[in-house]
Amino acid sequence: MSSNSGSFSSWIRSANLILTSTEQGLNRLRNLSQYINDALLKHHLNNIPSITLLLHNIYDTIEDRLTIVLTQECTRCQVHFERLSLDEYAQMVKLIENFISNVNGYDKKYKSRPLKTFLQSQTSKFLTHFHDERKQRVANTLDNEQWKQALSESPSTISSISSAKQFEQLTKLYSEHIDEIHGKLISIIENTFDETLSSYEVRAPMPSDCFPTLVTRHITAFYNAVARIVSPSDLILLFTRLNSIFKQLLARRLRQLRIANDGGPQHGLLTSDLLYYIKQVQSFPGLEMLELHVDEIWTTN
């Protein structure tokens, strides 16, 4: 895997300056917040939770901006993360993770989201490119019968072992980030689905008010948020879990409404809503072949 070392060196220096100055600014902001908190406590004004929430929202906004600036610096320096060497990529990950760790050290209640999402996205691209390139190299080697020269290539074998260790570390990093992020995303969408479906009523005209809200507002927003940052396989995994939650919550609501799979008028209206749901979800790029199995609401029910 090749990269322009000079370009990456320029980027890493610039990124280090940006993150260092940002970290200093966040530390001053935290000190100011603590000063305000102490003043409120002194005057017995218990507004600390709201100030803490505001501070964390500011952190998120700053981290959002940082991801944009770091990406812009990549463009300026002509650096492509997925084409970096393993050593270079490890430097990038360490730089950003140190920043996240330091910020979390200032405020242990704050959990970085934008930068972790940024890292997860870049690591996904890097691992995909790394895997594809390694597969191609192996294929080329076999095609050219270079395996016969294995004894003369022992230095590259040692290099490969070292790379494999770094690759394993990056895979672990990616897995930890993606599991954490997926869990938070699913938790958010589950609460949203629960709130929306709890008021669902099966009545004409169709689709009912609930389902367009569910799809056009919540599911579409969820798709737009994650489709940019996850791999195609992870996108399918997320929506499989999302669909499972949808079926469980809908089945619970149908029990409350005493609607059965009896072919009656309300069953017909519900079927119209479900067909609308299927059509809309499968219209998203990458989800065209996703099996939704909405009939399972009756076995769950």
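The values are calculated or read from the model by the stated rules, or taken from the named source; none is laboratory data. Since the model is a prediction, treat every value here as computed from it, not as a measurement. Please note: Cβ atoms are built from the backbone with ideal geometry, for glycine as well, and neighbour counts cover all protein chains shown.
Against the test of being over 17 Å from residue 28 (Cβ atoms), surrounded by 19 or more Cβ atoms within 10 Å (Cβ to Cβ) and among the hydrophobic types (A, V, I, L, M, F, W, C), the options 95, 115, 66 yield a single qualifying residue, 115.
Of everything in the stretch 199-224 that is assigned to a helix (DSSP H, G or I), modelled with pLDDT of 85 or more and aromatic (Phe, Trp, Tyr), the residue that is surrounded by the most Cβ atoms within 10 Å (Cβ to Cβ) is 211. If you go through the stretch 38-85 and keep only what is at pLDDT below 85, basic (Lys, Arg) and more than 22 Å from the chain's Cα centre (by Cα), you end up with just 42.
Residue count for the stretch 182-209, restricted to those that are farther than 20 Å from residue 116 by Cβ and without any contact (Cβ under 8 Å) to a residue 24 or more places away in the chain: 6. Going by what's in this entry, would residue 88 be described as part of a helix (DSSP H, G or I), at pLDDT 85 or above and not assigned by TED's automatic domain parsing to the domain that holds residue 231? Taking the combined requirement at face value, the residue does not satisfy it.
Scanning the stretch 80-112 for residues that are free of Cβ contacts under 8 Å to residues at least 24 places away in the same chain and of a type in the set (Gly, Ala, Ser) yields 101, 105.
Output the number of residues of the stretch 253-270 satisfying the condition of being surrounded by fewer than 16 Cβ atoms within 10 Å (Cβ to Cβ) and within 36 Å of the chain's Cα centre (by Cα). Number of matching residues: 3. Screening residue 19 with (1) aliphatic (A, V, I, L, M); (2) surrounded by 17 or more Cβ atoms within 10 Å (Cβ to Cβ); (3) at pLDDT below 85 gives one miss only, at (3).
Contact map, the stretch 237-254: first residue within 14 Å of residue 191 (Cα to Cα), second residue outside any helix (DSSP H, G or I), Cβ cut-off under 6 Å, separation 6 or more or different chains; pairs are 243/292. Restricting attention to the stretch 261-271, the residues that are without any contact (Cβ under 8 Å) to a residue 12 or more places away in the chain and either assigned to a helix (DSSP H, G or I) or aliphatic (A, V, I, L, M) (or both) add up to 4. Tallying residues that are surrounded by fewer than 19 Cβ atoms within 10 Å (Cβ to Cβ) and modelled with pLDDT of 80 or more within the stretch 101-111 yields 2.
Within the stretch 225-232, one or more residues are closer than 15 Å to residue 281 by Cβ and part of a helix (DSSP H, G or I).
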